[in-house]
Amino acid sequence: MDFVLHPVNLLQTGALQPGTLQVLPVGKKKQQKLAVGDDAGILQVFYIKKGEVQYEWKSAPLGREISTVVMQTAKDKIFVGCGQSIHGFTRKGKEFVKIKTNLTETINHLFVEDNMIWTGGEYIMNIYDNCKDHGFVMVKDRINALTCAPIISGEILGSVVACQDKYLRVFKGEKLYHEFGVEGSATALGFNGPNPLDNDQHTIGDPVQMVYGTEQGVVGLCQLDAKSMRRTGGISDRQTRPGMSGPGASSRRARVTALHTADVVQSGQLDLVVGRDDGNVELWGLGDAAALASQRLDQAPTPLWETCLQESIQSLGSGFITGGGEFKEIVLSTYGGKVMAFTPNSSAQDPSGTKLARHEEQTEEGSMGIVGAAASSMFEGKSVMNIVSQAKWSMEKVQDGEDTAWKVERSRRFQALEQEVATLKAACDKARKEYSSLSSESIAMQTTTKVTHRFGLNSEEACYVLTVECQTQLELISLRADVEVDLLDHSGTSAILSRSRGDPSNPLLATYRMQEPGSRFQIRLRTIEGMSGSLSAFVVPATSPKTAHLITVSIKPLSLHEKIAESSSDIPMNELRLVGPFTVTDMHTWLALCVNELPSRPTDDEMVIAYRSTFVGTQLVGRYSKGAASFKSDSITTISVLKDLITREATSRKIQVSINVDVKEDTFGRFLELIHPKLNYQHALTQQVRMVEPLREVQLQEGDTKFLHPELQTVLQQATEIQQQFELQPQKLAFLHNIVISAYRHKWRLRGHQSVEHRVKDLQKLLEAYSLEAVSAFFVEPID
């Protein structure tokens, strides 16, 4: 990665939503302006002149936080989504249109083309023509991103929707054209190049090149037209990333939040800019765009540059931002309200902006001075070489004077910054005094900062990641749970973990105290399937007055199951069948209490679901409609959990349900084979730990250990790592033993035996001296 980009801090505003930054088109000057809308409901347009921010205009507060900012295609009008309203502004700042929609969902996504407007809420996409309703689509799952392009011939553009259920969907009006499965929940969309609407050479029917990002960190490139949609390449490398630490640092990248393509390296080919949830900004070379358009990428995208800002990236763009019009620069916004540019211009290394101003002035003078001199001297018969030599001589003559002038300018800018800081400190001190005078009588109830969280399943590690992000620095996070939760290794994080002794109603009590400044923190934890409850996090930002933000997330009985596109049909499965006077909505509601990633409401008269356990690897397949439901799984525990939950919910609703369970003996052998690698590894680890100290004694006495067996040499070389793993081993081994014992209990309980405790003790002894054959034989033995 030889390519270097230098950061330039442009603006600090209030908290920002995704997609609330836009780069305005090039105007009379090559330098471009920026539009940004914040949570205070203010839209502001600004530009950079001689290294300093100059405001073009600001809107009046719109009454709600701005959730999206877009440019009208082929025009320079700005549209913003604010609550359930759409506001349109001219380039000069005049509000020329305000549309109050009848929507109940917040407008999170917006696309404007001439007189047509597409809006995306949580589940509904609406279409407006000349400010009047034109149509709507109830999408099967949550809408994470939306854009439009001329994909299908006709008067209306095709719309591309990225959905939570791991699909990209293409609509023309209200008609669904394509459903394209991707590697995970799609979270970001973009075009490989400009939108085809802005490309004069693009005609309807030509393939459209797009990029998408997922919750799992994968970036894919795809091609679509009216007939088909296919993947052409992607980014999913597994290098250790800056800003990430711990066991998961080299296993995956963070969630993709924004995508943009531009020729930043000035190679004549497009580069891909990726913004991620952990603050990573990456620049990738895509290679030959012509090859991509024809078939597939001949080579994988290459990393060119990256950095980590330690807070979520909300928007990405590019343009000629900092002046001079010489370099194509990346511009972005973060969750905390930072607006930054990254430029190849080395003048950006001066924090005062003086060198940028000088570079801008020299670029303007250089483009005008010599050209003007050459034009005037053509009449005097002077050669171009004479003109250049005279220009060099005159530049050297005034160089010393210019350096002095720029030093004075730099000193002036530093003094202005120091004065601004002093003014802000005085304002903060005044506010503190006012609060202290009130604090003796009143208690702070309203928070002054914004805190958001995300609670998602990491399928590769079979654990949950709770991400907490704040506008300001975090001081501490306290956790409480009413179910057993295993907090995983947090080594490498800048926090001290303190645990407290819990009680049956609060088995988890823990606190993370931050040791280094940071506004974003991740907690990795593993839940125990079969148990349901809630996890509460009390987040205290490092602000005054002290206030705590309460975050509550639900833990479901089958919390470690993830949704998959389709299941295997050739594996033995237990079956749970239910018949009764319930509706498809009733069954859908009951299932939503048990598994994640279900849509908020059923989308068909007959619903089909497929899930996979991220920890064990067993599968769950379900099909339900009005009055009938069937669930199959190769895990008897999963079937038992579903049966108990549905029975309890149906009883509370006074709905009589007939239940039939078919237990297949073949499923237990498969279940034990799936969990065998984990059990075998944990028991082997125990044996290796017992050998570490004796082998070290041998090494001290003999010196050379080449005579040892290769396996023993490996144990000696990896002794430190083995001992570190063993510190976590008792918990992991007990967790695995509990899974096997639970499966044994559920097997016989579903066959009518209420208690098998006398047999469980024998099973525990077999697990301690683990052998797959012995445990498998024990499962087959009759209980009587």
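The values are calculated or read from the model by the stated rules, or taken from the named source; none is laboratory data. All values derive from a computational prediction rather than experimental measurement. Methodologically, a virtual Cβ is constructed for each residue, glycine included, from the backbone with ideal geometry; neighbour enumeration extends over all protein chains shown. Surface areas here come from the heavy atoms of the whole protein model, side chains and all, with no ligands, DNA or RNA. Shrake-Rupley method; radii C 1.70, N 1.55, O 1.52, S 1.80 Å.
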Open item on the list: Which of rounded, prolate or oblate describes the stretch 1-154 when judged by the alpha-carbon gyration tensor and an a/c cut-off of 1.5?
Closed with: prolate
- [ ] Anything over 32 Å Cα to Cα? Flag those among K100/K140; K58/K132; K140/K654; K92/K175, in the order listed.
- [x] K92/K175
Task: Cα-Cα separations in the stretch 662-784 greater than 26 Å, expressed as whole percent - done: 37 percent
TODO: Tell me the GluC sites (Glu not before Pro) within the stretch 573-651 that lie in a loop according to DSSP and have at most 15 other beta-carbon atoms within 10 Å.
DONE: E606
Task: Residues whose placed amide H lies under 5 Å from that of V264, excluding near-sequence neighbours - done: D271
Task: Calculated diffusion of the stretch 118-184, Stokes-Einstein form, Kirkwood radius summed over Cα pairs, 10 °C and 1.306 mPa s, µm²/s - done: 132 µm²/s
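Given 0.36 nm per residue, what is the gain on full extension from K175 to I496 after removing their alpha carbon distance, in nm? Write out the running numbers ahead of the final one.
Details: separation 321, 0.36 × 321 = 115.56 nm, distance 5.36 nm.
The K175-I496 span can extend by a further 110.2 nm.
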- [ ] Grab the alpha carbons of the stretch 59-131, take their convex hull, and tell me the volume per residue in Å³.
- [x] 76 Å³
Task: Environment charge at S333 (Cβ cut-off 11 Å; Lys +1, Arg +1, Asp -1, Glu -1) - done: -1
Open item on the list: Give me the one-decimal nm value for the distance between modelled label points at N680 and L417, 7 Å along each residue's Cα-to-Cβ direction.
Closed with: 6.1 nm
Task: FRET efficiency estimate (nearest 0.05) - Cβ-Cβ, S755 to E697, R0 60 angstrom - done: 0.80
Task: Accessible solvent surface per residue of the stretch 522-570, calculated while the other protein chains remain in place, 1.4 angstrom probe, Å² - done: 42 Å²
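Would you mind counting up the charge near I156? Only other residues with Cβ under 13 Å from its Cβ, with Lys and Arg at +1 and Asp and Glu at -1.
Residues near I156 contribute -3 overall.
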TODO: Tell me which residues come under 5 Å, amide H to amide H, from K338 once H is placed; ignore anything under 5 positions away on its chain.
DONE: T13
Task: the stretch 104-181: chymotrypsin sites (Phe, Trp or Tyr not before Pro) falling in loop per DSSP and having at most 10 other Cβ within 10 Å - done: none
- [ ] Rounded, prolate or oblate: pick one for the stretch 565-645, where a ≥ b ≥ c are the square roots of the eigenvalues of its C-alpha gyration tensor, a/c under 1.5 means rounded, and failing that, prolate if a/b is larger than b/c, else oblate.
- [x] prolate
Open item on the list: As an exercise, identify the GluC sites (Glu not before Pro) in the stretch 148-190 lying in DSSP coil whose Cβ has no more than 11 other Cβ atoms within 10 Å.
Closed with: E155
Task: Values of log10 I(q)/I(0), in the order q = 0.12, 0.13, 0.18 Å⁻¹, for the stretch 517-610 under a Debye, Cα-only, solvent-free model - done: -0.61, -0.68, -1.04
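Taking the Cα centre of the stretch 41-108 as origin, sum charge times position over the Cβ atoms of Lys and Arg (+1) and Asp and Glu (-1), and report the length of that vector in debye to the nearest 20.
With only Lys, Arg, Asp and Glu charged at Cβ, the dipole is about 280 debye.
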TODO: Over the stretch 594-710, average the accessible area per residue using a 1.4 Å probe and give it in Å², no decimals.
DONE: 52 Å²
